[in-house]
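Before any comments, here is the structure.
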Amino acid sequence: QTNRIAVAGISILLVLALIVTGAIVVKRRRRIVLDDGTLDRRATFILLAALAVLWVLTSVNNLPSQFFSYSTTQPWGSFIGSTALGFLMAIPLALVVLGLWLALGAMRRRVGIPMLAGEPSRSTSNDMLIAGLGLGGIIYAMSHLTDLVVPRGIMPRTPTTVLNSVAPVFAGITDIPANALFGVAMVGIPILVVAALTPRWSLRAFVAGAVLALLAAVAWASGTVNDIDPVSVALVVIGAIIVSIAVVLGGTRSAWSWIVAALFFQALLGLREAAYGPVWQAGGAGALTVLIASALIVVIARRTAQAHQPAGIFT
């Protein structure tokens, strides 16, 4: 276990070092070829405030879990103080999400991927929606590809509920926008760094292979020897190849489709929870996730279909 923890830690540090170094090199050597989708001061403050408020609401909803973790060896006053300080973490977390989004935008503008492929119109918005929904559906299907493998002698995971929340039906609802932005940034930044680092496909394949090898080492170190199944490994590789092809074909025309894909992915997760939730509160939370994610997709579609849009995050 100690060796595996060391391998996982070193691999994570190497992945971060590769991505950060590549991003710095791209920013210094590649010029900006697009100037769209930048955040002005007003949009930046609105986004930060919205993310902070949503995080505070999430912390409030998770209060029962925090109180349940109280250890009587700790003074009650210190525990209450640390719990209250936890609400202030909403500000740095919002700044982290904003920083990742700005880094993603910097890479995107240097690669030459616009926020919208063409002038805002109904047809352009429809094309963006088709690409985003298709990409999100493919990612969801490939992420659950290993579910087709029938477990042999493996103890199933204990089902979890949302009953340890203040309002179980609203569990996870306030995390939808932040999860979408964070997920797009965490997936998009490495891909854009590899794409912008060099025009030679051989070097791109080498860098991408090095990152995937390190991630595979992290996955191996996080499990046990008995968890390694050749069939599951083959399905993961096939899923990664299909997702890569889908990203290259459907995700390089419009950056708005990335956000739509992330929202649609969460909607599909919510739909599964609504159908198979262990308690009715979990099913209600899943149904609300589907509604909120779908509503955000509709808002994006309407904004990108308008002929004249205000400057800011929706440009």
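Once Rh for region 48-102 is found with the Kirkwood sum over Cα pairs, what is the Stokes-Einstein diffusion coefficient at 37 °C and 0.692 mPa s, in µm²/s?
268
Determine the equivalent ellipsoid of the chain by diagonalising the alpha-carbon gyration tensor, then write out the semi-axes as square roots of 5 times the eigenvalues, largest first, rounded to whole Å.
Semi-axes, largest first: 31, 27, 22 Å.
When the Kirkwood hydrodynamic radius is evaluated over all pairs of different C-alpha atoms of region 1-80, what value in angstrom, to one decimal, is obtained?
After inverting the pairwise mean of 1/r, the radius is 18.1 Å.
Based on Cβ point charges of +1 for Lys and Arg and -1 for Asp and Glu, what charge dipole magnitude is obtained for region 1-83 about its Cα centre, in debye rounded to the nearest 20?
460
Please compute the per residue accessible area over the chain with all protein chains in place, 1.4 Å probe, rounded to a whole number of Å².
Per residue, the chain has an accessible area of 59 Å².
Starting from the residue with the highest accessible area, list 35, 127 in decreasing order, probe 1.4 Å.
35, 127
In whole Hz, with x marking every Gly and Pro, tabulate ³J(HN,Hα) for region 204-215 from phi via Karplus 6.51 cos²θ - 1.76 cosθ + 1.60, θ = phi - 60°.
4, 5, 5, 5, 5, x, 5, 5, 5, 5, 5, 5
No solvent, one uniform scatterer per C-alpha: report log10 I(q)/I(0) for region 42-159 via the Debye equation at q = 0.17, 0.18, 0.21 1/Å, two decimals.
Reported log10 I(q)/I(0), two decimals: -1.07, -1.08, -1.15.
Work out the charge dipole of region 63-174 with +1 on the Cβ of Lys and Arg and -1 on the Cβ of Asp and Glu about the Cα centre, then indicate which of 162, 104, 130 is farthest towards its positive end.
Of 162, 104, 130, it is 104.
Work out the FRET efficiency for residue 20 and residue 210 from their Cβ-Cβ distance, taking R0 = 22 Å, and round it to the nearest 0.05.
E between residue 20 and residue 210, to the nearest 0.05, is 0.95.
Please compute, for the alpha-carbon atoms of region 24-63, the extent along each of the three principal axes and give them in descending order in Å.
Cα extents, longest axis first: 47, 24, 11 Å.
Dipole of the chain, Cα-centred, from +1 at each Lys and Arg C-beta and -1 at each Asp and Glu C-beta, to the nearest 20 debye?
960
Just how many % of Cα pairs in region 167-213 lie over 13 Å apart, if you round to the nearest whole percent?
Result for the distance tail: 65 percent.
The values are calculated or read from the model by the stated rules, or taken from the named source; none is laboratory data. Owing to the predicted nature of the structure, the values given are computational and were not obtained by experimental measurement. Note: ideal-geometry Cβ built from the backbone for every residue, glycine included; neighbour counts use all protein chains shown. Calculation scope for accessible area: heavy atoms of the full protein, side chains included, ligands and nucleic acids excluded. Shrake-Rupley method; radii C 1.70, N 1.55, O 1.52, S 1.80 Å.
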